[in-house]
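Visitor: So that we are looking at the same thing, I have put the structure below in structure tokens.
The values are calculated or read from the model by the stated rules, or taken from the named source; none is laboratory data. From a predicted model like this one, the values you see are computed outputs, not experimental measurements. Here the Cβ positions follow ideal geometry from the backbone for every residue, glycine too, while neighbour counts run over all protein chains shown.
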Amino acid sequence: MLQSKLFYKTTREKSAEAEAISHDLLARAGFVDQLMAGVYSFLPLGFRVLKNIENIIRKNMVEAGGQEILMPVLQPKENWVKTGRWNNLEILFKVSGSGDKEYALGPTHEEVVSPLAKKIIFSYRDLPFSVFQIQTKFRDELRVKSGLLRTREFLMKDMYSFHESQADLDKYYDKLTKVYFNIFKELGIGKDTYLTLASGGTFSKYSHEFQMLTPAGEDTIYICNKCKTAINKEIKEENPACPECSSDNFEEKKAVEVGNIFKLNTKFSLPFDLKFKDRDGTEKPVFMGCFGIGLGRAMGSVVETNYDDNGIIWPKSIAPFAVHLIEIGSNDKKVKATALKIYQDLQKENIEVLYDDRVDKTAGEKFADADLIGIPYRVVVSEKTLAKNSVEIKERDKKSVKLVKAKQLVKIIK
């Protein structure tokens, strides 16, 4: 991608509205644009990161046995009345259609996937299975804050699993817990993320949140200093001692929820009469699990733990590009020709490159933009480097700069 053609704009001024580091940096670096409170456009740089996050999540869901589907955002009121959530879910967006019809804009999809599964499940032979989607959700949050960490419209991966017994659900739940940790590790936030006990509400005794430590987090969690079990604030009031090891020695931390998993049990199968015929011919309710990750929130969370005074430091796994190629001295034909050849050679090797070919920017401005955007490798071509038959390479998370031969770049970056 030629930076001169890129649809974006950077700014040096910190946003007065930004409460979180990630909000400030993503907006200033040209990754997102705020349309209104809690609603964002993802510009090309941000969209590329979002798709990389999506690909990591999708890969892990498929490997866990999930089948991808896509369900409607617009949902019938009667399904929400059946589950009792039409009048009890405060964040539900309700819209009116023609003929006095009322609908919900999906904040989640239990009210859709349960009656859908009823058309597929008849026997124990049809179980277990899981389906997932990556789709836009709408939640009328009372207070949106911290940029992508809490929004009213967001992209979410929600998976729903279906089982013939509590034991089978428990087994899959434990499997998905490990899968989630693998996802967060691949995203670059694994070391800062804790499996956190939360109230199961009407579903079960406990559910689990995956909480990433950050000063911008709106949640408070308590980490057991003995066994490292984490508990969220609401459930901590009922558990003065650690449920795992009985220790009362906790450390209080601010965190943001980057994922959650629930044992829905029969909460949503019963209202829709979602049952299966067991081996002995008796009908039994299907047990369900639910597993969610917000993609935009994951993106903001990554930035919350990967930045310095100059800008974002993207993990290689989700960076918008692998290389930021910068030419200094664009009027020099040799510099231009060398930079262009490197650009083309890297592309031939399927290495994604943002090529700063701008002629109206100083070297300082180009370097400042590169640090702000945060691409893993910065490669500089200039008269100075070419005088040594080399190019300059620097990793975004390191201070050292190296001179290398252009033909070595592919090997170093790969």
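Visitor: Condition first: among the basic types (Lys, Arg) and without any contact (Cβ under 8 Å) to a residue 40 or more places away in the chain. Now tell me which residues in the range 109-134 satisfy that.
Guide: Answer for the range 109-134, where residues must be among the basic types (Lys, Arg) and without any contact (Cβ under 8 Å) to a residue 40 or more places away in the chain: LYS119, ARG125.
Visitor: Next up: Looking only at the range 56-101, which residues are within 25 Å of the chain's Cα centre (by Cα) and among the polar types (S, T, N, Q)?
Guide: Answer for the range 56-101, where residues must be within 25 Å of the chain's Cα centre (by Cα) and among the polar types (S, T, N, Q): ASN60, GLN67, GLN75.
Visitor: Report those strands (runs of 3 or more DSSP E) wholly inside the range 97-175 carrying at least 2 residues which are under 19 Å from GLU257 (Cβ atoms) and charged (D, E, K, R).
Guide: Answer list for the range 97-175: 153-163.
Visitor: Hey, any hits in the range 187-198 for a residue that's among the charged types (D, E, K, R) and not in a helix (DSSP H, G or I)?
Guide: No, the conditions are met nowhere in the range 187-198.
Visitor: Could you tell me whether VAL359 is modelled with pLDDT under 95 and farther than 25 Å from PHE132 by Cα?
Guide: yes
Visitor: In the range 32-61, what residues are under 21 Å from ASN310 (Cβ atoms) and in contact (Cβ under 8 Å) with a residue 40 or more places away in the chain?
Guide: Across the range 32-61, the qualifying residues are VAL32, LEU45, GLY46, ARG48, VAL49.
Visitor: Would you call THR136 modelled with pLDDT of 95 or more and either farther than 21 Å from THR214 by Cβ or not assigned by TED's automatic domain parsing to the domain that holds VAL302 (or both)?
Guide: Criteria met by THR136.
Visitor: Residues to consider are LYS191, LYS205, LYS253; find the one that is surrounded by fewer than 20 Cβ atoms within 10 Å (Cβ to Cβ), within 16 Å of the chain's Cα centre (by Cα) and not polar (S, T, N, Q).
Guide: Answer to the selection: LYS191.
Visitor: When the residues of the range 1-23 are narrowed to those that are in a helix (DSSP H, G or I) and in contact (Cβ under 8 Å) with a residue 24 or more places away in the chain, which ends up nearest to ARG48 (Cα to Cα)?
Guide: Among residues in the range 1-23 that are in a helix (DSSP H, G or I) and in contact (Cβ under 8 Å) with a residue 24 or more places away in the chain, the one nearest to ARG48 (Cα to Cα) is GLN3.
Visitor: Let me ask another. Among (1) under 22 Å from GLN166 (Cβ atoms); (2) modelled with pLDDT under 95, which single condition is GLY99 missing?
Guide: So GLY99 meets the others, but not (1).
Visitor: Would the range 201-224 turn up any residue that is modelled with pLDDT under 95, assigned to a helix (DSSP H, G or I) and at positive phi?
Guide: No - not one qualifying residue is present in the range 201-224.
Visitor: If you don't mind, another one. Across the range 380-409, what is the number of residues that are aliphatic (A, V, I, L, M), touching a helix residue (DSSP H, G or I) at 6+ places or on another chain (Cβ under 7 Å) and not in a strand (DSSP E or B)?
Guide: Looking only at that region, the number is 3.
Visitor: Further, regarding this structure: Going through PRO107, PRO76, PRO128 one at a time, which residue ends up being in contact with a His (Cβ under 7 Å, 6 or more places away or on another chain), of a type outside the set (A, V, I, L, M) and surrounded by 16 or more Cβ atoms within 10 Å (Cβ to Cβ)?
Guide: Only one candidate passes the filter, namely PRO128.
Visitor: Considering only residues that are under 24 Å from LEU43 (Cα atoms), touching a strand residue (DSSP E or B) at 6+ places or on another chain (Cβ under 6 Å) and either not assigned by TED's automatic domain parsing to the domain that holds ASN331 or not hydrophobic (A, V, I, L, M, F, W, C) (or both), which ones fall in the range 358-394?
Guide: Result: LYS366, ASP371, GLY374, TYR377, ARG378.
Visitor: Output the residues belonging to the range 139-148 that are at negative phi and either surrounded by fewer than 20 Cβ atoms within 10 Å (Cβ to Cβ) or touching a Ser or Thr at 6+ places or on another chain (Cβ under 7 Å) (or both).
Guide: Listed by number, the residues that qualify are ASP140, GLU141, LEU142, ARG143, VAL144, LYS145, LEU148.
Visitor: Keeping to the range 24-41, report how many residues are within 26 Å of LEU325 (Cα to Cα) and in a loop (DSSP other than H, G, I, E, B).
Guide: Selection size over the range 24-41: 3.
Visitor: Determine which member of the set ASN88, ASN182 is among the polar types (S, T, N, Q) and assigned to a loop (DSSP other than H, G, I, E, B).
Guide: Residue meeting the stated conditions: ASN88.
Visitor: Hey, another quick one. Give the range 156-192 a look and list any residue that's at pLDDT 95 or above and among the charged types (D, E, K, R), or say none.
Guide: Within the range 156-192, LYS157, ASP158, GLU164, ASP168, ASP170, LYS171, ASP174, LYS175, LYS178, LYS185, GLU186 qualify.
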